[in-house]
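Heads up: the structure comes next, in structure tokens.
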């Protein structure tokens with residue numbers, strides 16, 4: 001009887017220990033499930049809000065203030081007559097932007113060509129996140145006012161143009177990122193001429209569709225090779241724009257980016273580039289340009 005009592009006590013003690021061990025294991029499993037790290041969006045898909053002539057999906061963090069200086073020299077096709085465009089008439093844009101809230105930035109700028117004043121906005125719709133979202137998507141829009149003398153316009157509304165672009169990008173590896181971006185441009189006043197009878201002839205469409213593709217390949221921690229292509233899609237009755245091929249070099253830090261490149265676009269405002277570009281890369285009509293951006297975070 002005594003032996004049976006000892007066996008019963010041993011059995012109860014073993015059962016109690018097993019119960020404690022099981023509870024501990026379940027507690028550990030529960031703790032581990034809680035501490036599983038949430039997937040975070042990828043960083044630094046591109047080094048700047050610009051890659052040459054195009055916006056990127058990048059939106060600076062909340063409280064960021066940015067200064068943009070963009071410069072385009074003349075075409076290199078004149079050779080030594082104007083030192084390959086360096087002494088030719090040039091184009092320049094000065095711009096500022098600010099991020100008042102997360103994922104949004106607002107900007108404004110002034111461009112020498114046609115004295116164009118632009119106000120713009122960009123919003124990050126989706127962020128590339130491992131295992132959740134394969135791409136980053138941002139929406140960019142602007143409104144531009146042609147501020148030249150009123151003698152250039154029949155009506156005040158003829159000064160206005162608009163641009164809308166969906167930016168879709170992916171950081172494919174730690175060193176290589178790519179982006180594709182369809183766009184829609186609208187001009188209240190389209191180019192045409194009036195014949196001797198007062199009738200409008202060869203009027204270009206007010207709208208224009210285009211698509212751009214660009215990429216960045218990092219060669220060092222701070223330096224990259226950049227390249228892009230812009231293809232017009234809309235066919236106009238006259239003065240169809242030429243595509244743009246561009247390639248260059250970029251260096252970045254945490255607060256600034258510098259890009260120097262060659263391409264066919266002499267303009268800087270995107271809808272003007274897309275609709276009015278007459279530089280033909282097959283004829284060697286390239287321009288040298290550079291972008292400088294500086295970022296302050298408050």
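Applying the selection to segment 43-81, what residues are surrounded by fewer than 16 Cβ atoms within 10 Å (Cβ to Cβ) and either closer than 22 Å to residue 223 by Cβ or in contact with a strand residue (DSSP E or B) (Cβ under 9 Å, 6 or more places away or on another chain) (or both)?
Listed by number, the residues that qualify are 43, 44, 61, 62, 63, 65, 67, 69.
Out of 249, 286, 276, 261, which single residue is out of contact with any strand residue (DSSP E or B) (no Cβ under 7 Å at 6 or more places or on another chain) and closer than 30 Å to residue 59 by Cα? Step through it out loud before you land on a result.
On the way: 249 fails: out of contact with any strand residue (DSSP E or B) (no Cβ under 7 Å at 6 or more places or on another chain); 286 fails: out of contact with any strand residue (DSSP E or B) (no Cβ under 7 Å at 6 or more places or on another chain); 261 fails: out of contact with any strand residue (DSSP E or B) (no Cβ under 7 Å at 6 or more places or on another chain).
Every option except 276 fails the conditions.
Has segment 97-106 got any residue that is more than 17 Å from the chain's Cα centre (by Cα) and over 15 Å from residue 293 (Cα atoms)?
To start, the set of residues in segment 97-106 that are more than 17 Å from the chain's Cα centre (by Cα) comprises 100-101.
Those still in the list that are over 15 Å from residue 293 (Cα atoms) too: 100-101.
Yes, some residue in segment 97-106 is more than 17 Å from the chain's Cα centre (by Cα) and over 15 Å from residue 293 (Cα atoms).
All but one of (1) under 20 Å from residue 136 (Cα atoms); (2) crowded, with 20+ Cβ neighbours inside 10 Å hold for residue 40; which doesn't?
That leaves (2) as the condition not met.
Looking only at residues in segment 73-93 that are touching a helix residue (DSSP H, G or I) at 6+ places or on another chain (Cβ under 8 Å) and part of a strand (DSSP E or B), which one is farthest from residue 290 (Cα to Cα)? Spell out the reasoning first.
Here is the first cut: in segment 73-93, the ones touching a helix residue (DSSP H, G or I) at 6+ places or on another chain (Cβ under 8 Å) are 74, 77, 84-85, 88, 91.
Cutting the leftovers down to part of a strand (DSSP E or B) gives us 74, 91.
Values: 74: 12, 91: 11 Å.
Here the answer is 74.
Each value in this text was obtained by applying a stated rule to the coordinates, not by laboratory testing. Since this is a predicted model, take the numbers as computed values, not measurements. Virtual Cβ from ideal backbone geometry, glycine too; neighbours counted across all protein chains shown.
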